[in-house]
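The block underneath contains the structure these notes are about, expressed in structure tokens.
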Amino acid sequence: MGAARATVYHASDGNDWYNGIELVCEEGMEEDMAGVIKSSFGKLKSGVAVDLYTLTNKNGLVAKIMTFGATLTELHAPDKDGKMANICLGFDSVEKYEKGHPYMGSTVGRYCNRIGKGRFTLGGKTYKLATNNPPNHLHGGGPKAWDKVNWKAQIVARPDGPAVQFTYFSKDGEEGYPGNVNASVIYTLTEANTVKMEYAATTDKPCPINLTNHAYFNLKGKGTILDHELYIAAKSYTEGDEDLLPTGKILPVVDTPYDFFAQPAIVGDRLLAAGGKEPNIGYDLNYVLLPGAKGYATVARLSEATTGRLLEIRTDQPGLQFYTGNFLDGTLTGKGGWKYVQYSGICLETQHFPDSPNHKNFPNTILMPGQTYRTRTEYALLVK
């Protein structure tokens, strides 16, 4: 294997504008770098080929990511007896992903979560976005939201495990957002049994940026998550209205069904108390995370007693969206014929707060020209 070297790639063919996201790759080794296998995952209706990258670490853990939506399609982790199972909801063909799904494993952007009424004002100008989650904008909008485009991919050299970098060039005005944006996410399956996601973005105009991965987890690899136990490092949450849009108020979790900080709790024990519109009862809210050491910390722990699997979420982000798959209704069939019914999976999405561009008291999400947006999240796969 040749020596690794830094090489700069454009995130879009035929576009000369670029703002310096550097991709470190092993030149000429895309097909056979240790721990990574590239294969075909089919084609989109347009005829565009979709590639699947299978990452395997020295301990036998496996993560699969496809170029369509830079999507985590599978994540295989051991239980207390060493038995492997896929703990990430997904589908066995790109056709099912393209047909439509609730962001399972996708990289979500330009702005994950909601923006109220699909509008924000920046520099005296009001920008109008798709209201794809009426009456609000959700997860980047319509057909050119980042979960619905085919990203470029390149195997990259990382000292802590096999890795692949996905890049996407989003044109000025795409889905109503200002600025040309170069975006990147590196997935690394580390030898310490974590899936590390390193996000980066640059822009040539001020623009709100808020990226996340929208994986649905089930630590049993089947059934529901009602018996999963959860801890969240948060003493407060952003209050939401009936459409799950923040009101701007930040409220304490103490003495509410939203408190997973005082002590871990079984998720299913509190669903009815969590509320929601019938029949979509359950959790779907943003937590205000406690500041971590050096800005990076374990912010949530999800565990399941029968398998002994434990998932830790580590991040430098200020918020975490906790969602219990309330809107899954059995109409989607995943891998192995598993019908995704309500509560089949749980989401723990690291993020900035929803609707931040419309709330001055929320942390800033506006990326300026000359700046580079960077954030990191890890899924640590442990056993109790």
- Does Asp259 satisfy being surrounded by 14 or more Cβ atoms within 10 Å (Cβ to Cβ) and among the acidic types (Asp, Glu)? yes
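Give me the residue from the stretch 95-118 that is part of a loop (DSSP other than H, G, I, E, B) and hydrophobic (A, V, I, L, M, F, W, C) and, out of that set, farthest from Arg374 (Cα to Cα).
Initially, the stretch 95-118 is screened for residues part of a loop (DSSP other than H, G, I, E, B), giving 100-106, 109-110, 112-113.
Narrowing further to those that are hydrophobic (A, V, I, L, M, F, W, C): 104, 112.
Working: Met104: 23, Cys112: 15 Å.
So, considering only residues that are part of a loop (DSSP other than H, G, I, E, B) and hydrophobic (A, V, I, L, M, F, W, C), the one farthest from Arg374 (Cα to Cα) is Met104.
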Taking first residues from the stretch 252-266 that are at pLDDT 95 or above and second residues anywhere that are of a type outside the set (A, V, I, L, M) and in a loop (DSSP other than H, G, I, E, B), the pairs with Cβ under 6 Å that are 6 or more apart or on different chains are Val253/Asp259; Pro257/Arg270
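Can you tell me which of Lys45, Lys58 is more than 24 Å from Ala183 (Cβ to Cβ) and surrounded by fewer than 18 Cβ atoms within 10 Å (Cβ to Cβ)? Give the derivation first.
Numbers: Lys45 fails: more than 24 Å from Ala183 (Cβ to Cβ).
Answer to the check: Lys58.
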Considering the stretch 84-113, residues that are under 14 Å from the mean Cα position of the chain (by Cα) and among the hydrophobic types (A, V, I, L, M, F, W, C), and then whichever is nearest to Phe327 (Cα to Cα), we arrive at Met104
Scanning the stretch 204-245 for residues that are assigned to a strand (DSSP E or B) and over 20 Å from the mean Cα position of the chain (by Cα) gives Glu229, Lys235, Ser236, Glu239, Gly240
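Quick grid of which residues meet (1) in the same structural domain as Thr238 (by TED's automatic domain parsing); (2) in contact with a Phe, Trp or Tyr (Cβ under 7 Å, 6 or more places away or on another chain); (3) farther than 22 Å from Thr188 by Cα; (4) assigned to a loop (DSSP other than H, G, I, E, B):
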| position | (1), (2), (3), (4) |
| --- | --- |
| Ser46 | no, no, yes, yes |
| Leu52 | no, yes, no, no |
| Asp81 | no, no, yes, yes |
| Phe120 | no, yes, yes, no |
Met104 - would you say it is at pLDDT below 95, out of contact with any strand residue (DSSP E or B) (no Cβ under 6 Å at 6 or more places or on another chain) and of a type outside the set (Ser, Thr, Tyr)? no
Scanning the stretch 142-172 for residues that are of a type in the set (Gly, Ala, Ser) and either part of a strand (DSSP E or B) or at pLDDT below 95 (or both) gives Gly142, Ala153, Ala157, Ala163, Ser170
Log entry, pairs with first residue in the stretch 91-118 being within 13 Å of Gly69 (Cα to Cα) and assigned by TED's automatic domain parsing to the domain that holds Pro143, second being aromatic (Phe, Trp, Tyr) and in a helix (DSSP H, G or I), beta carbons closer than 8 Å, six or more apart or on different chains, reads Met104/Tyr97; Ser106/Trp146; Thr107/Trp146; Val108/Trp146; Gly109/Trp146; Arg110/Trp146
Matching residues in the stretch 267-279 (surrounded by fewer than 15 Cβ atoms within 10 Å (Cβ to Cβ) and either in contact (Cβ under 8 Å) with a residue 24 or more places away in the chain or among the β-branched types (Val, Ile, Thr) (or both)) number 2
The strands (runs of 3 or more DSSP E) lying wholly within the stretch 272-381 that contain at least 2 residues that are over 15 Å from the mean Cα position of the chain (by Cα) are 284-289, 297-303, 309-315
So, first residue closer than 15 Å to Asp79 by Cα in the stretch 293-322, second residue among the basic types (Lys, Arg) and part of a loop (DSSP other than H, G, I, E, B), Cβ within less than 7 Å, six or more apart or across chains; the pairs are Ser303/Lys384; Glu304/Lys220; Thr306/Lys220; Thr307/Lys80; Thr307/Lys220; Gly308/Lys80; Gly308/Lys384; Leu310/Lys384
When you check Asp79 against the structure, is it more than 20 Å from Trp151 (Cβ to Cβ) and either crowded, with 19+ Cβ neighbours inside 10 Å or more than 15 Å from the chain's Cα centre (by Cα) (or both), yes or no?
yes
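Residue-wise test of (1) modelled with pLDDT of 95 or more; (2) in contact with a helix residue (DSSP H, G or I) (Cβ under 7 Å, 6 or more places away or on another chain); (3) not assigned by TED's automatic domain parsing to the domain that holds Phe260.
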position	(1), (2), (3)
Thr306	yes, no, no
Arg309	yes, no, no
Asp329	yes, no, no
Gly337	no, no, no
Thr372	yes, no, yes
Flagged pairs (Cβ under 6 angstrom, 6 or more apart or on separate chains; first in the stretch 364-384, on the phi < 0 side of the Ramachandran plot; second at pLDDT below 95 and of a type outside the set (D, E, K, R)) are none
query = Is the stretch 206-221 home to any residue that is surrounded by fewer than 21 Cβ atoms within 10 Å (Cβ to Cβ), within 30 Å of Asn132 (Cα to Cα), assigned by TED's automatic domain parsing to the domain that holds Met104 and touching a residue at least 12 places away in the same chain (Cβ under 8 Å)?
reply = yes
Output for Cβ contacts, cut-off 7 Å, separation at least six or different chains, first residue assigned by TED's automatic domain parsing to the domain that holds Tyr199 in the stretch 145-162, second in a strand (DSSP E or B) and at pLDDT below 95, reads Gln154/Leu23; Gln154/Cys25; Ile155/Cys25; Val156/Leu23; Val156/Val24; Val156/Cys25; Ala157/Val24; Ala157/Cys25
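The values are calculated or read from the model by the stated rules, or taken from the named source; none is laboratory data. None of the values given here were measured: they were computed from a predicted structure. When we count neighbours, we look across all protein chains shown, and the Cβ atoms used for this are built from the backbone with ideal geometry, even at glycine.
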